[in-house]
Amino acid sequence: MDLDTIERKAAFVEAVLFVAKEPVDPQRLMAYLRCADAGEFERILNLLEEREGGGARATVLKRAGGGLSLVTAPGWHEQLKDFFSIRTTSRLSLASLETLAIVAYRQPVTLAEISDLRGVNSAGPVKNLLQKKLIRLAGRKKVPGLPALYATTREFLLAFGLGDLAELPSLEELTELFEEKEQPSLFHQE
Amino acid sequence: MELESYRIATDFFEGPLDLLLHLIRKNRVSILDVRLADITSEYLAYLERMEGINPSRESDFLITAATLIAIKARTLLPRTDLPGEESPEKALISRLFEHDQLQKISRLLQEMEETEITLWRREVIEESFSSREYAIAEVSAFQLSELFFSLVRRKEKEEFLTVAAKSYSIEAKRQEILALLDKEGFLDFSAWIWTLGSLEEVVVSFFTLLELVKRHRVVAVQKELFGPISLWQQAAAN
């Protein structure tokens, strides 16, 4: 089939994303479709995002981890779990989230630096995050003992729906974000 | 009762910074305005409810208690600040500030995870299928080595009539293994290694296998400990 219309191009992108197991590099798709500019490619993606399905959609376009992929549309989570007989969805513990936050903002960072910032030994959470492939070894710090340095992975970006690390809010934005919301207490009732 | 509530609290406050932040929030002051000397007694009250301090577990709490007492003592004494010396109060407050931001970021990440977890990607289903159908354990490098040395010992006991002067390269073996995997889909490593001609070839093959596993080109699976090891080609990542 010729890729002569924008509709066909959008359908082709969908076909590629359907087959691809990993997010697809948008540059590669642009080059293949011979898009004149980023604007044309964006129109193709918009067309793909706007597909109508009588109010119900199977998948949506996801831009995360520097690539494009198809993910299930919001709202199917419970039924999918039921269909595939998946009982639990594992979430990260608060300790792991804190550790991940430090790695995300301070990378590359050593275990000692993580433990110091958290105020508690963090070997457990680091191991857990390594196993989940959310962080990776990123060389060794040139200080006595040559401690291992940790950095986040693309898996991290995908798991948190981030295009790249720059999409993490800056510390100023974070403060504003939490001033707007009434800060929910993390701690038990006072 | 008192003891009970403290137990719950220690489980909850993972470190002294958590406890301090809790006390600051309870007093409804901002971290930058807090007078640490004022909350020292509250902090110590928490520690006092502890029966029998376990130094290895509570040492972080004790160090912070000592710092708080030192800060309080300094506020009572005439100022003798040396130029260039950072006050312990400032140091602790900047740590608290960082810890507070950390908790905010963690909560943000938690919300993001909560959203993303409901959007399914391809891998999620594949994983749950494979884990239910095979329940196979991936073989660690140590198990592979163990298998290798047991194979080498068996090979050594064999008597060779001829010695072929042939050298093997990892690159050639790599292509051989990948070609076999391409053709057959999978490879019974233990059986295959028996078909090899010499110890040298076994050694080179094994290093090639380790290299392939390391580069995520193949997956080595073993259904039980010391059982036969099978190889699969791993779907190309990128």
- Message: So the check is Cβ under 9 Å with 6+ separation or different chains; which pairs have a first residue in segment A:150-161 that's facing another protein chain (nearest Cβ under 10 Å) and surrounded by fewer than 22 Cβ atoms within 10 Å (Cβ to Cβ) and a second one that's hydrophobic (A, V, I, L, M, F, W, C) and in a helix (DSSP H, G or I)?
- Response: A:Gly161/B:Met112
- Query: Among the residues of segment B:111-130, is any more than 30 Å from A:Val103 (Cα to Cα) and modelled with pLDDT under 80?
  - Reply: yes
- If we keep only residues of segment B:20-39 that are of a type in the set (A, V, I, L, M, F, W, C) and not in a helix (DSSP H, G or I), then the residue surrounded by the most Cβ atoms within 10 Å (Cβ to Cβ) is B:Val34
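In segment A:162-169, is there at least one residue being in contact (Cβ under 8 Å) with a residue 24 or more places away in the chain, at the interface with another protein chain (Cβ under 9 Å from one of its Cβ atoms) and either closer than 25 Å to B:Leu119 by Cα or in contact with a Lys or Arg (Cβ under 9 Å, 6 or more places away or on another chain) (or both)?
So the first thing to find is which residues in segment A:162-169 are in contact (Cβ under 8 Å) with a residue 24 or more places away in the chain, and the list is A:162-165, A:168.
Retained after the next criterion (residues that are at the interface with another protein chain (Cβ under 9 Å from one of its Cβ atoms)): A:162, A:168.
The next check asks that each one be either closer than 25 Å to B:Leu119 by Cα or in contact with a Lys or Arg (Cβ under 9 Å, 6 or more places away or on another chain) (or both); those that pass are A:162, A:168.
Scanning segment A:162-169, I find at least one residue that is in contact (Cβ under 8 Å) with a residue 24 or more places away in the chain, at the interface with another protein chain (Cβ under 9 Å from one of its Cβ atoms) and either closer than 25 Å to B:Leu119 by Cα or in contact with a Lys or Arg (Cβ under 9 Å, 6 or more places away or on another chain) (or both), so the answer is yes.
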- Query: Of the residues A:Glu113, A:Glu78, which single one is more than 22 Å from B:Asp100 (Cβ to Cβ) and not hydrophobic (A, V, I, L, M, F, W, C)?
  - Reply: A:Glu78
- Message: So, A:Gly65, is that one within 23 Å of the chain's Cα centre (by Cα), at positive phi and at the interface with chain B (Cβ under 10 Å from one of its Cβ atoms) or not?
- Response: no
- Message: Please go through segment A:75-100 and give me each residue that is assigned to a helix (DSSP H, G or I), under 12 Å from A:Asn128 (Cβ atoms) and more than 8 Å from chain B (Cβ to nearest Cβ), ordered by number.
- Response: A:Ser96, A:Thr99
- Query: Of the conditions (1) out of contact with any helix residue (DSSP H, G or I) (no Cβ under 7 Å at 6 or more places or on another chain); (2) within 30 Å of A:Leu146 (Cβ to Cβ), A:Ala73 fails just one. Which one is it?
  - Reply: (2)
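Do the conditions hold for A:Arg57, that is, is it at the interface with chain B (Cβ under 10 Å from one of its Cβ atoms) and either β-branched (Val, Ile, Thr) or assigned to a loop (DSSP other than H, G, I, E, B) (or both)? Give the steps one after another, and end with the answer.
Details: at the interface with chain B (Cβ under 10 Å from one of its Cβ atoms): no; either β-branched (Val, Ile, Thr) or assigned to a loop (DSSP other than H, G, I, E, B) (or both): yes.
Judged against the criteria, A:Arg57 is not a match.
Does at least one position in segment A:116-125 carry a residue that is in contact with a Phe, Trp or Tyr (Cβ under 9 Å, 6 or more places away or on another chain) and more than 9 Å from every other protein chain (Cβ to nearest Cβ)?
Restricting attention to segment A:116-125, the residues satisfying the condition of being in contact with a Phe, Trp or Tyr (Cβ under 9 Å, 6 or more places away or on another chain) are none.
No: segment A:116-125 contains no residue that is in contact with a Phe, Trp or Tyr (Cβ under 9 Å, 6 or more places away or on another chain) and more than 9 Å from every other protein chain (Cβ to nearest Cβ).
Scan segment A:109-125 and give yes if some residue there is touching a residue at least 40 places away in the same chain (Cβ under 8 Å), within 25 Å of B:Ala91 (Cα to Cα) and aliphatic (A, V, I, L, M), otherwise no.
yes
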- Query: From the list A:Leu70, A:Leu45, which one is outside any loop (DSSP other than H, G, I, E, B), within 23 Å of the chain's Cα centre (by Cα), within 14 Å of chain B (Cβ to nearest Cβ) and surrounded by 15 or more Cβ atoms within 10 Å (Cβ to Cβ)?
  - Reply: A:Leu70
- Task: Look at segment A:1-42 and say how many of its residues are under 26 Å from the mean Cα position of the chain (by Cα) and either at positive phi or touching a residue at least 60 places away in the same chain (Cβ under 8 Å) (or both).
- Result: 1
- Message: Return the residues of segment B:93-116 that are more than 7 Å from chain A (Cβ to nearest Cβ) and either in contact (Cβ under 8 Å) with a residue 60 or more places away in the chain or touching a His at 6+ places or on another chain (Cβ under 7 Å) (or both); say none if nothing qualifies.
- Response: B:Ile93, B:Arg95, B:Leu96, B:Phe97, B:Asp100
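The values are calculated or read from the model by the stated rules, or taken from the named source; none is laboratory data. Being a predicted model, the structure only gives us computed values, none of them experimental. FYI the Cβ positions are ideal-geometry reconstructions off the backbone, even for glycines, and counts take in every protein chain you see.
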